[in-house]
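Visitor: Input: one structure, supplied below.
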Amino acid sequence: MHTQRMAVSVSVLALLTLAACGTESGSGSGSGDGSDTVQSDVPVTGVAWSVDSLTVGGKKTEAPAGSRLEIDPKGRAKAGFGCNHIGADARVEGDRITFGKPVSTQMACDETTEKAEKAALAAMDGEVTAKLSGEKLTLTTEGGDTIALSEEKPAGLVGTRWAVNTLLSGETATSVPADLPKERVPHLTFGEDGTVHGNSGCNSFHGKAAVEGSTIDFGPPAGTRKMCPEAEMEVERAVLAALDGPATYTIKGSTLTVTSKDGKGIGATAAPAKSEGTQEHG
């Protein structure tokens, strides 16, 4: 039993080392026949991981669509399930990851999301063992709780329906209220013709969006001019402030971040494939 555990530990350690270097190929430490070679191109840190499920206390919780976890090279873990933001310090040593006490924002969420967040807070507390298998990652606590993840492939900026779930202002990030009417959840889609259209939280809009490298130059938006409850209007003002003039953008997995020069920005998640092509509401 001890020998088997050492073998697993050494295999994962080799995986992490090769991933960090990025210049060596797998050494075939799997079955020995070359059919199960080590995947050295799947690092643990600096990768956008999609959370598939969490198992805490023997109870498995499927993660809401768009759930993700990332551990950056600076030792900070961030997780999100579509409502609150969870953060924790994270130290990676070999096949072990040690999380500091996780902290979370305190937005009210729907029941499914709240259940997933509670499971994540329980699992992201203390030391876990990381096991990589191809593009799958499993984090297991000493008590047997697990987080199952898959490496996210970057979504394309153009043609993707981006649902806005985070409002940024400098170093401050707040979640879009979870109780917004479904047709008022802000979203945007970039076209191949250099345009952008969507809903800003109350009104539908469209405008120019010239993309060059990691920069988007937004033109003045045009759209409807309806009035909505204040909570929706507040979201709309924040979204439109981010889509004003030149801004930088990044895409990690299914998450898009757009930040304007004055620090105003949005975080958005690519809609699941089954939602593509659904009719948009103004």
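Visitor: Does Lys226 satisfy being open to solvent by 20 Å² or more (accessible area, probe 1.4 Å), out of contact with any Gly (no Cβ under 7 Å at 6 or more places or on another chain) and within 25 Å of Cys83 (Cβ to Cβ)?
Guide: Against the criterion (open to solvent by 20 Å² or more (accessible area, probe 1.4 Å), out of contact with any Gly (no Cβ under 7 Å at 6 or more places or on another chain) and within 25 Å of Cys83 (Cβ to Cβ)), Lys226 does not qualify.
Visitor: Do any strands (runs of 3 or more DSSP E) entirely within segment 159-213 hold 1 or more residues that are without any contact (Cβ under 8 Å) to a residue 24 or more places away in the chain, open to solvent by 20 Å² or more (accessible area, probe 1.4 Å) and under 16 Å from Lys264 (Cβ atoms), and if so, which?
Guide: So the answer is 172-175.
Visitor: Say whether the condition of being closer than 26 Å to Ser214 by Cβ, part of a loop (DSSP other than H, G, I, E, B), touching a residue at least 24 places away in the same chain (Cβ under 8 Å) and open to solvent by 70 Å² or more (accessible area, probe 1.4 Å) is met by at least one residue in segment 103-111. Even if it seems obvious, please write down each step before you answer.
Guide: So in segment 103-111, the residues closer than 26 Å to Ser214 by Cβ come out as none.
No, there is no match, as no residue in segment 103-111 is closer than 26 Å to Ser214 by Cβ, part of a loop (DSSP other than H, G, I, E, B), touching a residue at least 24 places away in the same chain (Cβ under 8 Å) and open to solvent by 70 Å² or more (accessible area, probe 1.4 Å).
Visitor: Right, another one. Output the number of residues of segment 210-245 satisfying the condition of being in contact with a His (Cβ under 9 Å, 6 or more places away or on another chain) and among the hydrophobic types (A, V, I, L, M, F, W, C).
Guide: Qualifying residue count, segment 210-245: 1.
Visitor: I'd like to verify a number: residues in segment 77-102 that are more than 14 Å from the chain's Cα centre (by Cα) and without any contact (Cβ under 8 Å) to a residue 60 or more places away in the chain, how many?
Guide: Selection size over segment 77-102: 12.
Visitor: Looking at segment 236-255, which of the residues that are surrounded by 22 or more Cβ atoms within 10 Å (Cβ to Cβ) and closer than 14 Å to Thr269 by Cβ is modelled with the highest pLDDT?
Guide: Once the filter is applied, the top-ranked residue is Thr255.
Visitor: Taking segment 112-147 as the region of interest, how many residues are open to solvent by 30 Å² or more (accessible area, probe 1.4 Å), among the polar types (S, T, N, Q) and out of contact with any strand residue (DSSP E or B) (no Cβ under 8 Å at 6 or more places or on another chain)?
Guide: 2
Visitor: Show the residue pairs that are 6+ apart or on different chains and have beta-carbon atoms under 7 Å apart, the first residue being within segment 60-72 and at positive phi, the second being surrounded by 18 or more Cβ atoms within 10 Å (Cβ to Cβ).
Guide: Final answer for the pair search is Gly66/Gly82; Gly66/Ser254; Gly66/Thr269.
The values are calculated or read from the model by the stated rules, or taken from the named source; none is laboratory data. Computed from a prediction, not measured in an experiment: that's the story for all the values here. Cβ sites come from the backbone with ideal geometry, for glycine too, and all protein chains shown count toward neighbours. Protein only, heavy atoms only, side chains kept; ligands, DNA and RNA dropped before computing areas. Shrake-Rupley method; radii C 1.70, N 1.55, O 1.52, S 1.80 Å.
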